[in-house]
Structure formats: structure tokens, C-alpha cells
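The values are calculated or read from the model by the stated rules, or taken from the named source; none is laboratory data. Predicted model, so just to flag it, every value in this text is computed and none were measured. As a convention, Cβ positions derive from the backbone with ideal geometry for all residues, glycine included, and neighbour counts pool all protein chains shown.
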């Protein structure tokens, strides 16, 4: 069975959200990986730096999760609406 569909602007927006969400997660993961020492703990210069960095990365992970879910929902809904 061949699934024939045309790519709409909603699908493009969904793909962009999905790609941005995945890119944010890879970016935060790389930052966390580069901060790890021999024992696996993350090393910061100061307490304030640790709090600010952890909060910023946590917010970015929440935003990336929302972008991934939104992108998937947009793509799936558009696929079902185009039938």
C-alpha cells in the first residue's frame, strides 16, 4: 500500500518544532557531558553558577519537550486531516 500525501505548511512547522526540540536536547546533553569530571559529577565554578546553569538547562529541557510533542502532534493531525 502506498501512502501518498502532500507536504503542507503545518507539516513543515511540525518538522521544524521536532528538529528544534531534538537540537536543544542534544545541546544541553553536550554541555552536561563536557562538565562531568572523572567521578561523573558535574563541576561548576561557584554555587551561583551551578544554580543558574541548572535552572537554565532545566527550562530549556522543558521547552524542548514541549516542542517535540507539539511537532509530533502537528504532523500526526495534519496526516489524519489530509485523508
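Tally the residues that are touching a strand residue (DSSP E or B) at 6+ places or on another chain (Cβ under 9 Å) and closer than 27 Å to residue 66 by Cα, restricting the search to the stretch 18-49. Number of matching residues: 4. Scanning the stretch 37-82 for residues that are over 23 Å from residue 16 (Cβ atoms) and not in a helix (DSSP H, G or I) yields 37, 38, 39, 40, 41, 42, 43, 44, 45, 46. Would you be able to say whether some residue in the stretch 42-49 is at pLDDT 95 or above and under 12 Å from the mean Cα position of the chain (by Cα)? Looking through the stretch 42-49, none of the residues is at pLDDT 95 or above and under 12 Å from the mean Cα position of the chain (by Cα). Can you find a residue in the stretch 1-13 that is in contact (Cβ under 8 Å) with a residue 40 or more places away in the chain, surrounded by 12 or more Cβ atoms within 10 Å (Cβ to Cβ) and within 15 Å of the chain's Cα centre (by Cα)? For the stretch 1-13, residues in contact (Cβ under 8 Å) with a residue 40 or more places away in the chain, surrounded by 12 or more Cβ atoms within 10 Å (Cβ to Cβ) and within 15 Å of the chain's Cα centre (by Cα): present. The residue pairs whose first member lies in the stretch 48-66 and is in contact (Cβ under 8 Å) with a residue 40 or more places away in the chain, whose second member is assigned to a helix (DSSP H, G or I) and surrounded by 13 or more Cβ atoms within 10 Å (Cβ to Cβ), and whose beta carbons are closer than 6 Å, counting only pairs six or more residues apart or on different chains, are 64/21; 64/24; 64/25.
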